[in-house]
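*Asks:* Quick one: this structure, given as structure tokens, is what I'll be asking you about.
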Amino acid sequence: MPANATSPSTSAPSPIHAVVADDFAAVNHTIIDQLASRIPLVETIGQYIIESGGKRLRPLLVLLATRALDYQGDKHITLATLIEFMHTSTLLHDDVVDESHMRRGKATANDAWGNAPSVLVGDFLYSRSFQMMVEIGSMRIMEVLSSATCTIAEGEVQQLTNVGNPDISEADYFETIQGKTAMLFEAASHCGAILSAATPEQEQALAAYGRYLGLAFQLIDDLLDYQGDAKAMGKNVGDDLAEGKPTLPLIQAMAAGTPEQAKLIRRAIRKGGLDHLDEVLAIIDATSALQYTRQKAEEMADKALAELEHLPESPFRDAMADLAKLAVERET
């Protein structure tokens with residue numbers, strides 16, 4: 001561990017985290033240990049982005065899934081850590097692609113150090129995660145995670161090609177968020193099941209649980225972009241519109257609105273920027289597009305909850321149920 005390293009910070013511990021508190025502390029220590037590099041800038045940027053806060057939901061999924069299946073080893077700590085590294089790598093790359101300047105209320109790494117160092121440290125974290133996969137020694141886990149990385153990359157490219165395109169359908173949107181967001185949630189809970197030697201039924205259920213949970217979280221993220229509190233979210237309301245991203249609130253507003261309203265939103269998506277933000281927000285409100293988006297998120301959360309019926313009763317299963325509810329109740 002670097003001499004000046006500290007345990008990576010997260011948001012205030014929740015009751016969901018509390019049931020795996022010891023495991024979570026071990027993950028935090030492992031994160032710092034695995035950030036070690038002979039190149040100081042790698043550690044500096046890696047630690048900066050890791051300490052930027054966040055709920056650590058993906059590693060949490062690994063810990064809850066393995067404990068729900070009574071896993072008794074210690075490789076779940078390594079698995080949870082590498083999942084967090086994979087996620088952090090995507091954040092570094094995303095912020096460069098999106099030319100973002102703020103994440104979680106702090107300057108992005110690319111804003112602080114530049115694009116090239118951010119991309120390269122993201123590559124380091126991806127590479128480190130694959131080193132940890134080898135340590136776990138499961139070909140099935142390597143198969144799931146290597147496939148997931150390809151799907152995530154495809155999802156990010158798909159989102160990029162969607163920018164400025166008002167003709168994206170709801171089905172196209174769900175395909176995109178399944179790849180760029182829900183895939184890593186799914187891989188986290190799925191790999192937790194594999195590590196725990198789950199039954200085929202439990203393995204399938206945990207993979208589906210993660211997928212539906214990830215979809216619910218992304219839907220609420222996209223909803224909050226049009227009604228959230230900028231200070232609490234650490235980004236500005238309307239950022240998706242400014243980037244020309246056709247997310248579900250806009251897709252539904254175009255579908256439910258008048259031809260004139262749809263035309264204005266189409267123009268706003270093509271142009272990007274915030275020139276029409278107030279008008280777009282008014283149309284979203286008039287068409288109940290945010291209520292529609294929340295309804296879709298609640299449907300995903302309900303599906304996630306149903307999958308948990310395949311697991312034995314335990315405080316860990318209860319925490320996973322609470323996590324599904326949190327996905328649609330949160331405001332940040």
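The values are calculated or read from the model by the stated rules, or taken from the named source; none is laboratory data. Small disclaimer: the values here were computed from a predicted structure and weren't measured. Every residue, glycine among them, receives a Cβ derived from its backbone with ideal geometry; neighbour counts consider all protein chains shown. Areas reflect the complete protein model, heavy atoms only, side chains present, ligands, DNA and RNA absent. Shrake-Rupley method; radii C 1.70, N 1.55, O 1.52, S 1.80 Å.
*Asks:* Compute the distance in nm between two label points, each set 7 Å from the Cα along the Cα-to-Cβ direction, one at residue 227 and one at residue 331.
*Replies:* Inter-label distance under the simple model: 1.2 nm.
*Asks:* Which residue, 187, 68, 255, has the most motion in a Gaussian network model of the chain that connects Cα atoms within less than 10 Å?
*Replies:* 255
*Asks:* So, in Å, what gap is there between the alpha-carbon centers of the range 143-199 and the range 264-315?
*Replies:* Between the Cα centres of the range 143-199 and the range 264-315 lies a distance of 18 Å.
*Asks:* Assign one of three labels to the chain, namely rounded, prolate or oblate, based on the Cα gyration tensor with a ≥ b ≥ c the square roots of its eigenvalues; rounded applies when a/c is under 1.5, prolate when it is not and a/b is larger than b/c, and oblate otherwise.
*Replies:* Numbers: a/c = 1.95, a/b = 1.35, b/c = 1.44.
Oblate shape, in that a/c is at least 1.5 and b/c is the bigger or equal ratio.
*Asks:* Next question, about the same structure. Stokes-Einstein D for the range 250-332 at 37 °C, 0.692 mPa s, Kirkwood Rh over Cα pairs, in µm²/s? Walk me through the intermediate numbers first.
*Replies:* Numbers: Rh = 15.0 Å.
Taking Rh from Cα pairs, D becomes 219 µm²/s.
*Asks:* Follow-up question, since we're still on this one. May I ask for the angle, rounded to the nearest 10°, between helix 40-50 and the longest principal axis of the chain, with both axes built from Cα atoms and the value confined to 0 to 90°?
*Replies:* Tilt of helix 40-50: around 70 degrees.
*Asks:* Now for a different question. Distance from a point 7 Å along Cα→Cβ of residue 21 to each backbone N in the range 296-332: keep the residues under 19 Å and list them by number.
*Replies:* 315-320, 322-323
*Asks:* Which shape class, rounded, prolate or oblate, goes with the range 101-201 when its Cα gyration tensor gives a ≥ b ≥ c as root eigenvalues, a/c under 1.5 marks rounded, and past that a/b bigger than b/c marks prolate?
*Replies:* Because a/c hits 1.5 or more and a/b fails to exceed b/c, the range 101-201 counts as oblate.
*Asks:* How much of the accessible area of the chain, in percent, comes from carbon and sulfur atoms when a 1.4 Å probe is used?
*Replies:* Carbon and sulfur together cover 52 percent of it.
*Asks:* Heavy-atom accessible area per residue, the chain, 1.4 Å probe: how many Å²?
*Replies:* Per residue, the chain has an accessible area of 43 Å².
*Asks:* Taking amide H positions as placed in the peptide plane 1.01 Å from N, state which residues far from residue 102 in sequence (5 or more) or on other chains have amide H under 5 Å from it.
*Replies:* Residues meeting the amide H criterion: 108.
*Asks:* Report the net charge of residues surrounding residue 296, where surrounding means a beta-carbon distance below 13 angstrom and charges are Lys +1, Arg +1, Asp -1, Glu -1.
*Replies:* Net charge in that neighbourhood comes out at -4.
*Asks:* Full-extension gain between residue 291 and residue 256, please, as 0.36 nm times their residue separation minus the C-alpha to C-alpha distance.
*Replies:* Length gained, residue 291 through residue 256: 11.4 nm.
*Asks:* Tell me, in nm to one decimal, what length is gained between residue 172 and residue 37 on full extension, where the rule is 0.36 nm per residue of separation less the Cα-Cα distance? Write down the numbers at each step before the final one.
*Replies:* Numbers: separation 135, 0.36 × 135 = 48.60 nm, distance 4.03 nm.
Extra length available between residue 172 and residue 37 comes to 44.6 nm.
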